[in-house]
1. If you stretched the chain out fully between A221 and D113, how much longer would it get, using 0.36 nm times the residue separation minus the C-alpha to C-alpha distance?
2. Can you give the accessible area per residue of region 40-115, in Å², using a 1.4 Å probe?
3. Name the long-range amide H neighbours of N330: under 5 Å, sequence gap of 5 or more, or other chain; modelled H, no Pro or chain starts.
4. What ³J(HN,Hα) values, in whole Hz, does the Karplus curve 6.51 cos²θ - 1.76 cosθ + 1.60 give for region 293-303 when θ = phi - 60°, with x put for Gly and Pro?
5. May I ask which residue of L293, G320, G107 lies farthest towards the positive end of the charge dipole of the chain, with charges of +1 (Lys, Arg) and -1 (Asp, Glu) on Cβ and the Cα centre as origin?
6. If the cut-off is a Cα-Cα distance under 27 Å, which lysines reach K198, setting aside same-chain residues fewer than 8 apart in sequence?
7. Run the dipole for region 220-320 about the Cα centre, Lys and Arg Cβ at +1, Asp and Glu Cβ at -1, nothing else charged, and hand back the magnitude in debye, nearest 20.
8. What distance in nm separates the two pseudo spin-label positions at E273 and S48, each 7 Å out from Cα along the beta-carbon direction?
Amino acid sequence: MEHIDVVVIGGGQSGLATAYTLLRHGLRPVVLEASGETTGSWPRYYDSLTLFSPARYSSLPGMPFPGDDRDRYPHRDEVVGYLTAYADRLDADIRTGCRVSTVRRAGGAFEVDLKGGGRLSARAVVAASGTFGRPHRPTLPGLEEFAGQVLHAADYRDPAPFADRMVVVVGAGNSAVQIAVELAQAARVTLATRGPVKFAAQRILGRDLHFWTKHTGLDTAPLGRLLSGPPAQPVIDDGRYRTALAAGRPERRPLFTGADRTKLTWSDGEREEADAIVLATGYRPDLPYLAGLDGALDTAGYPRRREGLATGVPGLAFVGLEWQRSLSSNSLRGVGRDADRVARLLAAHLARR
């Protein structure tokens, strides 16, 4: 069996940042990525996606985001190219096509089983596999009776398949509003939310929002330890989304109260034909390989952790969770800070042993 310092599970932005910081703390990681690319979930996001943060605030540690215009908002495909280049420059053992099936304790170490065969022994493990593999599909009234198309935002790409159809987008976050506004150019669209949509201005006093969150310290403030779960975040808007909703493209309505095969029932009692429902309802941590590791997860599948370290499993850590430590934890601009903290704590833990 191969023996390794630290196994990092996931080769997207979180895993790459973790490998970089582990190397700087004197550890030799092996990164295991289930897919064939070191680009995480980025290639599978919808086609029109751009970052909320400008290029100058969108870098992993050790490599600035490329391009002369530091204030532009990079497109999804630019991020894919950036992550590929970052992995190529990283002096780490990155193994693609390696899906982890199980992590378990074996004496003072961990045994990491790979799907299809293969096993590694590691002194420590960092779970950096993100959330995209576990879309959240809430229980909604009557949804199981609806015979139209139901898909999660993770499966949405562009408006073309929905042209001239009646589509309901469920959610009030950035992805929900962006998808609904885009779809409204080709279809009849209703944005169904539990409450009003809240907006945050993209630019304030001529500066991007992220300038202010950085220089006020809000971006790095360790607020995650005070939260029982990720808070609702406003839609970052340069004015176009608020304008579109005000014009009824898309229309916003309170969440439907029931459904049958072809119709939804709204809170005012109106029944309306619908062709498709898009659930822009977020994601949950994707950690099935830790399900059999006592103390790693709670009953809902969330990590039991503090400051990125598992509270009941010494040597196990997490990187890339939403609000893991701060507002920016699950982002290109912030994941490196969390990764460095985890790497430092793991290095100290392994030195004591």
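The values are calculated or read from the model by the stated rules, or taken from the named source; none is laboratory data. Because the structure is a prediction, the values reported are computed rather than measured. Please note: Cβ atoms are built from the backbone with ideal geometry, for glycine as well, and neighbour counts cover all protein chains shown. For accessibility, only protein heavy atoms count, side chains too; no ligands or nucleic acids. Shrake-Rupley method; radii C 1.70, N 1.55, O 1.52, S 1.80 Å.
1. Details: separation 108, 0.36 × 108 = 38.88 nm, distance 3.66 nm.
Stretched out fully, the A221 to D113 stretch lengthens by 35.2 nm.
2. Values: 3590 Å² over 76 residues.
In whole numbers, region 40-115 has 47 Å² accessible per residue.
3. W323, Q324
4. 9, 3, x, 7, 10, 8, 5, 8, x, 8, x
5. G107
6. The qualifying lysines are K214.
7. Values: 13 positive and 13 negative charges, 55 e Å.
Dipole size: approximately 260 debye.
8. Those two pseudo-labels are separated by 2.5 nm.
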